[in-house]
Amino acid sequence: MTAMPKFTRRTFLISSAAVGGGLALGLRLPPFGPAVVRAADGSPEITIWVVIRPDNSTAIRVVRAEMGQGTITGLAQLVAEELECDWSRVSIEYPTPGESVARKRAWGEFSTGGSRGIRQSNEYVRKGGAAARMMLVQAAANEWKVPASECTAANSVITHKASGRKTTYGKVAEAAARLEQPKDVPLKDPKTWKIAGKPLKRLDTAKKVNGTMIYGMDLKMPGMLNAAIKDCPVFGGKVKSFDAARVSGMRGVKKVVQVGDSGVAVIADTWWNAKTALEALPVVWDEGPNAKISSADIAEVLKAGLDAEQAFVGNQAGGDVKAALAGAAKKVEAVYSYPFQNHACMEPMNATVRWTPERCEMWGPTQNGEGAFAQVLAASGLTSDKVDVHNVMLGGGFGRRGTYPDDYVGQAVLIAKQMPGTPVKLIWSREEDMAHGKYHPVMQCKLVGGLDASGNLTALHMRLSGQSILASVRPEVIQAQKGRDPLSFQGVFESGEHSFSYTVPNLLIDHAMRNTHVPPGFWRGVNVNQNAVFIECFMDELAEAAGQDALEFRRKLMAKHPRNLGVLNAVAERIGWSKPAPSGVYRGLAHLHCFDSFVAAACEISVKDGNKVKVHRIVAATDPGYAVNPAQIERQVAGSFVYGLSALFMQECTVKDGRIEQTNFHQYNSMRIAQMPKVETILMPTGGTVWGGIGEPTICVAAPAVLNAFYRATGKRIRSVPLKNHGIELV
């Protein structure tokens, strides 16, 4: 049911009224009456989100990226709910960033990250559906010469209640498209939802199952060539020289080109021929000043930051934390660390570009269509009316396919410029993908807590030391924050969507920024992953020092955090926290507030021979405010635990001689189906004015819950991951 973009035509045509400045993209003017914006097949656009076809089917437009998380289905449900259309006849269309720019960013933000796909666009897409319904009903009422208030709409059919007359959306769509859009567009009470809020099947599943879904690596175009690339293995290094003549005569090779200052690519008839020639190409690198840096060097820099005088404050409450700690009856201190990690998408980075002096277009998987558009614009040397980006299904994203400097999109354009008029598909090898990721930031954390004589937490200092993602990818934010990276405090921040979940009389959470030459990126969940481990494992340490139950210790600090407490209580009750665990089974729990959702997890594990861990069961509670597709939320929660547990037990990127040591999945493993625990999802949306995210929040609570359970099983407190470094394996 999901219509993939057509690569040989515009997705839709833009009227002169919408273009405004005269920029035309397949301009088609109607002969009479007001301009009607039409889809590629000629069907009228009712609102920017809705196209109604003559056969009474509905095309719903989506600009957020689909990478397995179910966003396109959820957004379509929201539009369809307000539109009152026939869900069985819904398909998806993807406007392009170029079309949006031509219409003054009509579709708003294209970026899909930070679990924002639904939570930040839900209101305006719902209004797009509701406005379209109102216009269709008004068109029918005009035809019947009756008040619109006497008409109802359901299942793409409009009914005049008094006379019983009926018509379809398809029959009145032309007239509706000529009406002025209503300014006052009321939305339904979620309690009345019939399509949204229901566990409907995803729109993209069938094509993924039968093999007809088109991913970036699947694209084929007439006359298309393929490119393989190798960038300097040391970050910050450059190309010194290469001998193109050595491989120019190899099978299928068309051209050997330098890409920017640091890369070399081979263009050939097939990707395998390009890769084979690239491997045979002699390249001399200028590895630069970073060539001798190791993981140990980076760790020492971060360690020094734990006790540095200067740090950026992310959360502060009460009086003098140092004085409160000095006067505490008992002081508890611990240092934790978290490594670099690669996104390791199953589909490596790729993009297909066709460049001419008059036009440049990119087809490929991206989480940020507008960001990719900006990169194509910059690399192509053309003006905005001469470039565009066509997003296709992503073979995994996890934050890697966002917009980063000097990344695969820009490379693909620079390569295509060497072959004007010819589509060139750039595909990174797995080794290139591992060597040039945008890595989860490395971080250390020193926590010091003070308890009074009754075991109450009176003071807490949490010092982070490590990388800032925003310093690398959005330095203007750092400048506006006077040097602070607010994202470093995700899950422990002073306020907002990532606020701290506890009330502590004397509190200081700060960050000694220590950036490395390894480029950081938004890795699924981003900084909540390490911050949840740091704070939730330390809470268990504090509870033990206070001689209290881990759950009860937390509860005393959460009276002012009812939604946090709600999810924590839910998992504790479901797991049976107040009752003895089965023989040989040990429990742990954790919770956090992040991406405007409240999440908690409780697990049951067993340990054999002191190091073989079986995670039997994880109970996860999520309060996202609203649930658009409960079935998909359950899948997202379970899927996040695959990612989170794989990272906990197996995944780390290390640095030697300035470069990443891991080259493929034999060194960067992922858990298998047999290792997957049973996941029980408790969905408890409490409504309100704020919508929470789903894709990233629960990933962060799996690791601390398991680590806390492991301590109960073995008496060993593990403060650095992955667990493979401690000889601990997942079975």
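The values are calculated or read from the model by the stated rules, or taken from the named source; none is laboratory data. Everything numeric here is computed off the predicted structure, so don't read it as measured data. Neighbour counts are summed over all protein chains in view; Cβ atoms, including those assigned to glycine, are modelled from backbone coordinates with ideal geometry. The accessibility values were calculated without ligands, DNA or RNA, using every heavy atom of the protein model including side chains. Shrake-Rupley method; radii C 1.70, N 1.55, O 1.52, S 1.80 Å.
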Candidate set from the stretch 426-471 (those that are touching a residue at least 60 places away in the same chain (Cβ under 8 Å) and among the hydroxyl-bearing types (Ser, Thr, Tyr)); member that is nearest to THR276 (Cα to Cα): SER429
Please determine whether any residue of the stretch 696-703 is in a strand (DSSP E or B), under 29 Å from MET346 (Cα atoms) and outside the structural domain of GLN69 (by TED's automatic domain parsing). no
Just for the stretch 549-571: of the residues that are of a type in the set (A, V, I, L, M, F, W, C) and in contact with a strand residue (DSSP E or B) (Cβ under 6 Å, 6 or more places away or on another chain), which one is surrounded by the most Cβ atoms within 10 Å (Cβ to Cβ)? LEU568
Candidate set from the stretch 437-456 (those that are open to solvent by 10 Å² or more (accessible area, probe 1.4 Å) and aliphatic (A, V, I, L, M)); member that is farthest from ALA311 (Cα to Cα): ALA453
Among (1) of a type in the set (Gly, Ala, Ser); (2) over 29 Å from LEU83 (Cα atoms); (3) within 28 Å of the chain's Cα centre (by Cα); (4) assigned to a loop (DSSP other than H, G, I, E, B), the one test that GLY223 misses: (3)
From the residues in the stretch 266-305 that are in a helix (DSSP H, G or I) and of a type in the set (Asp, Glu), which one is least open to solvent (accessible area, probe 1.4 Å)? ASP297
Can you tell which of ARG105, ARG64 is closer than 30 Å to GLY525 by Cα, of a type in the set (D, E, K, R) and open to solvent by less than 10 Å² (accessible area, probe 1.4 Å)? ARG64
Being more than 30 Å from ASN290 (Cβ to Cβ), over 27 Å from the mean Cα position of the chain (by Cα), in the same structural domain as VAL90 (by TED's automatic domain parsing) and without any contact (Cβ under 8 Å) to a residue 40 or more places away in the chain narrows it down to one of GLY164, GLY252, so name that one. GLY164
Could you tell me whether any residue of the stretch 229-241 is under 30 Å from the mean Cα position of the chain (by Cα), open to solvent by 60 Å² or more (accessible area, probe 1.4 Å), within 30 Å of LEU451 (Cβ to Cβ) and not basic (Lys, Arg)? no
Would you mind telling me which numbered condition in (1) of a type in the set (D, E, K, R); (2) under 30 Å from the mean Cα position of the chain (by Cα); (3) in a helix (DSSP H, G or I) GLU143 fails? (2)
Complete set of residues in the stretch 218-251 that are of a type in the set (Gly, Ala, Ser) and under 20 Å from PRO348 (Cβ atoms): ALA227, ALA228
Tally, over the stretch 572-594, of residues that are assigned to a helix (DSSP H, G or I) and open to solvent by 40 Å² or more (accessible area, probe 1.4 Å): 2
Would you point out the residue of the stretch 607-633, among those that are among the polar types (S, T, N, Q) and open to solvent by less than 30 Å² (accessible area, probe 1.4 Å), that is nearest to the chain's Cα centre (by Cα)? GLN632
Restricting the stretch 309-339 to residues that are assigned to a loop (DSSP other than H, G, I, E, B) and farther than 20 Å from VAL492 by Cα, the residue that is least open to solvent (accessible area, probe 1.4 Å): ALA328
For the stretch 348-367, what are the residues that are open to solvent by 10 Å² or more (accessible area, probe 1.4 Å) and touching a Phe, Trp or Tyr at 6+ places or on another chain (Cβ under 6 Å)? PRO348
Tell me yes or no: at least one residue of the stretch 669-680 is surrounded by 17 or more Cβ atoms within 10 Å (Cβ to Cβ) and of a type in the set (Gly, Ala, Ser). no
Within the stretch 70-91, does at least one residue satisfy the condition of being modelled with pLDDT of 90 or more, part of a loop (DSSP other than H, G, I, E, B) and open to solvent by 20 Å² or more (accessible area, probe 1.4 Å)? yes
Does SER472 meet the test of being at pLDDT 95 or above, outside any loop (DSSP other than H, G, I, E, B) and either open to solvent by less than 30 Å² (accessible area, probe 1.4 Å) or outside the structural domain of PRO722 (by TED's automatic domain parsing) (or both)? no
Pair list, Cβ < 6 Å and 6+ apart or interchain, from the stretch 137-158 residues that are in the same structural domain as GLU180 (by TED's automatic domain parsing) to residues that are part of a helix (DSSP H, G or I) and polar (S, T, N, Q): ALA148/GLN138
First in the stretch 194-214 and in contact (Cβ under 8 Å) with a residue 12 or more places away in the chain, second anywhere and of a type in the set (S, T, N, Q), Cβ under 6 Å, 6 or more apart: ILE195/GLN77; ALA196/GLN77; ARG202/THR73; LEU203/THR2; LEU203/THR73; ASP204/THR2
State the number of residues belonging to the stretch 155-190 that are touching a Lys or Arg at 6+ places or on another chain (Cβ under 9 Å), open to solvent by 40 Å² or more (accessible area, probe 1.4 Å) and under 15 Å from ASP86 (Cα atoms). 1
Residue in the stretch 32-44 that is within 22 Å of the chain's Cα centre (by Cα) and farther than 27 Å from ASP189 by Cα present: no
Residues located in the stretch 368-392, provided they are surrounded by 19 or more Cβ atoms within 10 Å (Cβ to Cβ) and either in a loop (DSSP other than H, G, I, E, B) or at pLDDT below 95 (or both): ASN368, ASN391, VAL392
